[in-house]
Each structure stands twice: as C-alpha cells, then as structure tokens.
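Every number in this text was worked out from the coordinates using simple rules, so none of it is lab data. For clarity, every value in this text was computed on a predicted model and none was experimentally measured. Ideal geometry is used to build each Cβ from the backbone, glycine not excepted, and the neighbour counts take in all protein chains shown.
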Amino acid sequence: LTKNNKINLIPFIQLTNQIKKIKFTEDNIDINHELHSLSYGIIFPILKYGSINTGFNKEKNIYKTINTKKNIDYINIDLDLDQLDNLLHPRNGYKVFINYNFNRFSLEDKYTYFNAKVEYYNTFNYNHTIRLYHWYKNSSQNAPLHLRANYGGYNWLIGYDEYTISFLDLISSGFEYQY
C-alpha cells in the first residue's frame, strides 16, 4: 500500500459475537438473537469520499426464543459515501450507505438483501437546517430474521423504538426542519 495513491486496498478480517433482542410487532414476539460471524474481504477507501467494502461472511445465528439455529454463508458489497461537515451535528453535506448481501451457495438458504439510506443536509441563515432523507429496503422471503428487523429511532422511523418493526420491504422518506 502506498500513501500517495488515492485508492488503496485494505484487507480485513472481522470476528463478531453479538447478542441483541429483536421484537416483531406483527407476531408480538421478542426474539433473542445470538450472532457469531467471521468476515473477511477488502476495503477500497476512496480518498475524502468514503469506501467500498466487499467480503465473504460465515454466520452462525441462534434465535433462542424460537429455538432455531441457522448457519449462513453470504457475500456482501457495501458503498459508504460520507460528505457531511460534522458527523455528530451535521449542517451541510450528504451521506449515502448502500448494502447488498446475497447467498447463492445453497438452494434452500438462497436469499438477497438490499438496504439503501440517503441523507442530505443544508443550512441557511446560520441556524436553519433542512434534512432530507430516504430509506429503501428489500429482502427476499428466505432472508434471515435479523435482516428483516428494521431499526427505528429518532433518525429514520420516528415514533418507533429500535428493533420494534419488521418488514421484507420498506420505503421511508422524510423532510425535517431544524431551528
């Protein structure tokens, strides 16, 4: 890797052990999800813009409440562009995150998953900020349960707490004025 290039290749290996609770409102059920995964791949940083990440993932998912285990091998491609002036309190710029996962290794577990989030901020007269946002998500029927859980909260699905709604397909758009 040379420090003068605008695009470098960064290999990565990532181990994840995570436990979280997912709530599905249509079934009124809380699911304890235990995730153990190994990911490896390449990150393509794009100088001053963001990165493209592609990798291979091996996951062991344990859904304790419904007593189900599912092992998944999938490939992911992520595009993350960040042109915000301040990540904690953005005033100008945009952020784009696109995630595409697909599993083509076994016929019974074949699925696709697409998740795209776009945010745009513009500040005028020093303390008036407009935020436009859009979230599109599409999952095939065979997608794992944890990919069907959407994460609400103050930024994306106002009025819904984290992990409280689930959909195979979702479109959410909004306009926000901050003073």
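Before moving on, here are some points about what is shown:
- Spin-label pair ILE43/ASP85, simplified geometry with 7 Å Cα→Cβ offset, distance in nm: 2.7 nm
- The charge dipole of segment 8-100, taken about the Cα centre with unit charges on the Cβ atoms of Lys, Arg (+1) and Asp, Glu (-1), comes to about 200 debye, rounded to the nearest 20.
- Virtual spin-label span in nm between VAL118 and ASN32, 7 Å along Cα→Cβ: 4.1 nm
- Working from label points 7 Å from Cα in the Cα-to-Cβ sense, the ASN125 to GLN141 distance is 5.3 nm.
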